[in-house]
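Here's the structure, in structure tokens; my notes come after.
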Amino acid sequence: MKIGVIGAGSWSTALAKLLAENGHDVEIWAYEKDLVDTINTRHENETYLPGFRLPDNLKATSDIHQCVFEKELILSVPPSHVVRSVISQIANEIPVGVPIVSATKGIENDTLMLVSDIMEDVLPMHCHPYLVYLSGPSFAKEVAAHKPTAVTAASYNHKLATMVQKIFSNDVFRVYTSSDVPGVEIGGAIKNVIAIAAGAISAMEL
């Protein structure tokens, strides 16, 4: 499958690596031209996910339009505060029927909208039935290092969620499905707050 990944942070790179290792042809979009060059020549995201070699079937581009051109699935992972501006650039270029998987965790600062609300606000109506939201208590470095991880693919389209489950799953990355889109998104957004509190408690030996 030809997959376009929007965003080249640690989480998006870890997922792109996972998909490439699952046998898919992956193209990842990075805003920084030097990062694109590093990924393509050294096969490593030295800025956001250093220390992990990226598969040869994972290529990078600085052209966001190229990243979605003729792709069979789009994985959207920009930071939550720029989802609206980034997705707006390619909103009218995604063909009918192409699944769009959002793995962004967070809530829009100014509007307090969930990412699902932003995506439906920005994308044309024909894209709405093909939206899936991937979230869970995951950590980019652990996924890249093949540590066991469990996440959830949430969608109002059960068949689509099941398809995404199969595309992402492997021996160490388990994907569950759900129709509770807001619940899965909120869980992904607030888990960092809980993690910080748990870390503080652990550090204080409480």
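The values are calculated or read from the model by the stated rules, or taken from the named source; none is laboratory data. As the structure is a prediction and not an experimental result, all values here were calculated from the model. Every residue, glycine among them, receives a Cβ derived from its backbone with ideal geometry; neighbour counts consider all protein chains shown. For accessibility, only protein heavy atoms count, side chains too; no ligands or nucleic acids. Shrake-Rupley method; radii C 1.70, N 1.55, O 1.52, S 1.80 Å.
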Practice item. Take region 169-190 and flag every residue that is surrounded by 16 or more Cβ atoms within 10 Å (Cβ to Cβ) and either within 22 Å of residue 112 (Cα to Cα) or out of contact with any strand residue (DSSP E or B) (no Cβ under 6 Å at 6 or more places or on another chain) (or both). Key: 181, 184, 185, 187, 188, 189
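Go through 156, 176 for me and flag whichever is over 15 Å from the mean Cα position of the chain (by Cα), more than 28 Å from residue 58 (Cα to Cα) and outside any helix (DSSP H, G or I).
From the options 156, 176, the qualifying one is 156.
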Study note, to complete from the structure: Note on residue 193: of the conditions (1) assigned to a helix (DSSP H, G or I); (2) surrounded by 13 or more Cβ atoms within 10 Å (Cβ to Cβ), unmet is (2)
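Does any residue of region 113-131 turn out to be assigned to a strand (DSSP E or B), closer than 15 Å to residue 80 by Cβ and open to solvent by 30 Å² or more (accessible area, probe 1.4 Å)? Steps first, answer last, please.
Narrowing region 113-131 to residues assigned to a strand (DSSP E or B): 114, 131.
This time we only want the ones that are closer than 15 Å to residue 80 by Cβ, so: 114.
Now drop any that are not open to solvent by 30 Å² or more (accessible area, probe 1.4 Å), which leaves none.
Checked region 113-131: no residue is assigned to a strand (DSSP E or B), closer than 15 Å to residue 80 by Cβ and open to solvent by 30 Å² or more (accessible area, probe 1.4 Å).
Only residues that are of a type in the set (Lys, Arg) and open to solvent by 60 Å² or more (accessible area, probe 1.4 Å): list them for region 10-40, please.
Within region 10-40, the subset of a type in the set (Lys, Arg) is 17, 33.
Correct list: 33 only.
Here is a yes/no grid of residues against (1) in contact (Cβ under 8 Å) with a residue 12 or more places away in the chain; (2) outside any helix (DSSP H, G or I); (3) hydrophobic (A, V, I, L, M, F, W, C):
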{"residue": "3", "(1), (2), (3)": "yes, yes, yes"}
{"residue": "13", "(1), (2), (3)": "yes, no, no"}
{"residue": "16", "(1), (2), (3)": "yes, no, yes"}
{"residue": "20", "(1), (2), (3)": "yes, no, yes"}
{"residue": "27", "(1), (2), (3)": "yes, yes, no"}
{"residue": "40", "(1), (2), (3)": "yes, no, no"}
{"residue": "47", "(1), (2), (3)": "yes, yes, no"}
{"residue": "53", "(1), (2), (3)": "no, yes, no"}
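In region 83-112, what residues are in a loop (DSSP other than H, G, I, E, B) and within 19 Å of residue 178 (Cβ to Cβ)?
First, the residues of region 83-112 that are in a loop (DSSP other than H, G, I, E, B): 89-99, 103-106, 108-112.
Once the filter is applied, which keeps residues that are in a loop (DSSP other than H, G, I, E, B) and within 19 Å of residue 178 (Cβ to Cβ), region 83-112 yields 99, 103, 104, 105, 106.
Report the residue count in region 134-168 for those that are surrounded by 16 or more Cβ atoms within 10 Å (Cβ to Cβ) and without any contact (Cβ under 8 Å) to a residue 40 or more places away in the chain.
Initially, region 134-168 is screened for residues surrounded by 16 or more Cβ atoms within 10 Å (Cβ to Cβ), giving 134-136, 138, 140, 143-144, 149, 151-155, 157, 160-161, 163-165, 167-168.
In the following step, the residues that additionally are without any contact (Cβ under 8 Å) to a residue 40 or more places away in the chain were identified as 149, 151-152, 154-155, 157, 161, 165.
Of the residues in that region, 8 qualify.
Report, by residue number, each residue of region 57-82 that is in contact (Cβ under 8 Å) with a residue 24 or more places away in the chain and either open to solvent by 30 Å² or more (accessible area, probe 1.4 Å) or more than 18 Å from the chain's Cα centre (by Cα) (or both).
Taking region 57-82 first, the residues in contact (Cβ under 8 Å) with a residue 24 or more places away in the chain are 57-81.
If the condition is that a residue be in contact (Cβ under 8 Å) with a residue 24 or more places away in the chain and either open to solvent by 30 Å² or more (accessible area, probe 1.4 Å) or more than 18 Å from the chain's Cα centre (by Cα) (or both), then 57, 59, 62, 63, 65, 66, 69, 70, 72, 79, 81 are the ones that fit.
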